[in-house]
Amino acid sequence: MMQRKEIEEKTARLRANVSGVFIGDAGILDLVLTGLMSRGHLLIEGIPGVGKTVLARALAKSIEGSFRRIQFTPDLLPSDVLGVSVFDAKSAAFEFRPGPIFANVVLADEINRTSPRTQSALLEAMNDFQVTVDGTTRPTPDPFIVLATQNPVEYAGTYPLPESQLDRFFLAVTPGYPSREEEEKILRDQVLRHPLESLSSVISFEDVRGIQEAVRSVKVSGEAVSYILSIAEATRESAEVILGASPRASLCLFRASQARALLKGRDFVLPDDVKALAGPVLGHRLIPRSHIPGVSGRIELVDKIVDTVAVPV
């Protein structure tokens, strides 16, 4: 088991390395790191050009991992994602050619532009960290994280993600525009070349696995567990919600709170950890009674519900 001081040092190194390339909301970066530490996948809903791809590439480079970008289009097939078995005339046998899903960091770009059939091809990999093709099951690389993006503005030619697919995403984040100072830094940093070109790894796969293991040892008091359950119940009882948080959502909020506490240098969860993560963890999983376009509106709805729940002392 990694020591807490060592974990603090490695997570700080990872954050600094990625933030040197991804210029923007530091809270978004912390959520991405929370997902990585919890072995969870992220849905990133944001306007084009705010650095979603840069963030994914920087994360992959920082952990010395493989990176694959899948551009989801209406004609994309499940085999284009998972891989396909091809007959080899020399060996007189079928040879499996793995698809782009077999990478440490997978960017599923504009995931809502492909058909539900292709979207569902990701379910097994995201949930069980394995892929089954032609009756053979193969594990995904370890570590493995999917960062899926979707555009909140252009709805023409898109397929809304089904609830079963949304539920597989550990967190949903909504990056916005950078500040003027941040945008100026982006411009100046790319005068000669993109900072990604010189980015190097700062932690190893073993470090990532060690941090993921340490997350599960973070203490969660009975009061914090009760707070998580009260928030989940409040979403189910809210008059503004048709379908509230499931037990899987409560478990994800539990695990995310542990990861956030560790990221903040603590070995115990505070109510603040739970409150800060309730929106990103639960928002995309709810079905509101009235139509709310985009993930950000659902996160705001969860924050509103959380304000009605008493915070434990």
Given (1) surrounded by fewer than 16 Cβ atoms within 10 Å (Cβ to Cβ); (2) under 19 Å from Leu277 (Cβ atoms), number of the condition Arg117 does not satisfy: (2)
Number of the exception - Ser38 against (1) under 16 Å from the mean Cα position of the chain (by Cα); (2) under 28 Å from Glu184 (Cβ atoms): (2)
Every pair of residues 6+ apart whose Cβ atoms lie under 8 Å, when the first sits in segment 287-313 and is at positive phi and in the same structural domain as Val269 (by TED's automatic domain parsing) while the second is crowded, with 16+ Cβ neighbours inside 10 Å and part of a strand (DSSP E or B): Gly294/Glu45
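Going by the structure shown, is Ile231 of a type in the set (A, V, I, L, M, F, W, C), in a helix (DSSP H, G or I) and modelled with pLDDT under 95?
For Ile231, the condition - of a type in the set (A, V, I, L, M, F, W, C), in a helix (DSSP H, G or I) and modelled with pLDDT under 95 - is not met.
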Single residue of Pro178, Pro141 found to be of a type outside the set (A, V, I, L, M, F, W, C) and closer than 30 Å to Ala121 by Cα: Pro141
Every residue from segment 62-77 that is closer than 15 Å to Ser201 by Cα and either buried (at least 21 other Cβ atoms within 10 Å of the Cβ) or among the hydrophobic types (A, V, I, L, M, F, W, C) (or both): Ser62, Ile63, Phe67
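Among the residues of segment 52-60, are any in a loop (DSSP other than H, G, I, E, B) and among the small types (Gly, Ala, Ser)? Lay out the reasoning, then the answer.
Taking segment 52-60 as the starting set, the residues that turn out to be in a loop (DSSP other than H, G, I, E, B) are none.
No.
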Considering residues of segment 172-191 that are in a loop (DSSP other than H, G, I, E, B) and more than 16 Å from the chain's Cα centre (by Cα) only, the residue farthest from Ser66 (Cα to Cα): Ser179
Qualifying positions in segment 240-266 - crowded, with 19+ Cβ neighbours inside 10 Å and either in contact with a Pro (Cβ under 6 Å, 6 or more places away or on another chain) or of a type in the set (A, V, I, L, M) (or both): Val241, Ala245, Ala249, Leu253, Ala256, Ala259, Ala261, Leu262, Leu263
Residue in segment 198-221 that is outside the structural domain of Pro247 (by TED's automatic domain parsing), over 24 Å from Met2 (Cβ atoms) and not in a loop (DSSP other than H, G, I, E, B) present: yes
Segment 284-295 - residue that is touching a Gly at 6+ places or on another chain (Cβ under 9 Å) and buried (at least 18 other Cβ atoms within 10 Å of the Cβ) and, of those, modelled with the lowest pLDDT: Val295
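Going by what's in this entry, would Ala224 be described as within 21 Å of the chain's Cα centre (by Cα), buried (at least 18 other Cβ atoms within 10 Å of the Cβ), in the same structural domain as Lys275 (by TED's automatic domain parsing) and farther than 15 Å from Thr308 by Cβ?
Values: within 21 Å of the chain's Cα centre (by Cα): no; buried (at least 18 other Cβ atoms within 10 Å of the Cβ): yes; in the same structural domain as Lys275 (by TED's automatic domain parsing): yes; farther than 15 Å from Thr308 by Cβ: yes.
No: the conditions fail for Ala224.
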Test for Glu213: is it out of contact with any helix residue (DSSP H, G or I) (no Cβ under 7 Å at 6 or more places or on another chain) and under 30 Å from Val306 (Cα atoms): yes
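Looking only at segment 267-276, count how many residues are crowded, with 23+ Cβ neighbours inside 10 Å and under 23 Å from Ala239 (Cα atoms).
Applying the first criterion (crowded, with 23+ Cβ neighbours inside 10 Å) to segment 267-276 yields 269, 273-274.
Pick out the ones that are also under 23 Å from Ala239 (Cα atoms) and you get 274.
The number of residues fulfilling the criteria is 1.
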Given (1) free of Cβ contacts under 8 Å to residues at least 40 places away in the same chain; (2) of a type outside the set (Phe, Trp, Tyr); (3) in a strand (DSSP E or B); (4) under 25 Å from Leu33 (Cα atoms), index of the condition Gly49 fails: (3)
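State the number of residues belonging to segment 1-58 that are small (Gly, Ala, Ser), surrounded by fewer than 18 Cβ atoms within 10 Å (Cβ to Cβ) and more than 12 Å from Leu262 (Cα to Cα).
Pass one, segment 1-58, residues small (Gly, Ala, Ser): 12, 16, 19-20, 24, 26-27, 35, 38, 40, 46, 49, 51, 56, 58.
Checking the rest, the ones that are also surrounded by fewer than 18 Cβ atoms within 10 Å (Cβ to Cβ) come to 12, 16, 19-20, 26-27, 49.
Then keep just the ones that are more than 12 Å from Leu262 (Cα to Cα); that gives 16, 19-20, 26-27, 49.
Final tally of qualifying residues: 6.
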Matching residues in segment 192-219 - criterion: being in contact with a strand residue (DSSP E or B) (Cβ under 8 Å, 6 or more places away or on another chain) and buried (at least 18 other Cβ atoms within 10 Å of the Cβ): Val218
Within segment 173-193, considering residues that are among the β-branched types (Val, Ile, Thr) and out of contact with any Ser or Thr (no Cβ under 6 Å at 6 or more places or on another chain), the one modelled with the lowest pLDDT: Val191
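The values are calculated or read from the model by the stated rules, or taken from the named source; none is laboratory data. Values in this document were obtained by computation on a predicted structure and should not be read as measured data. Backbone-built Cβ (ideal geometry, glycine too); neighbour counts: all protein chains shown.
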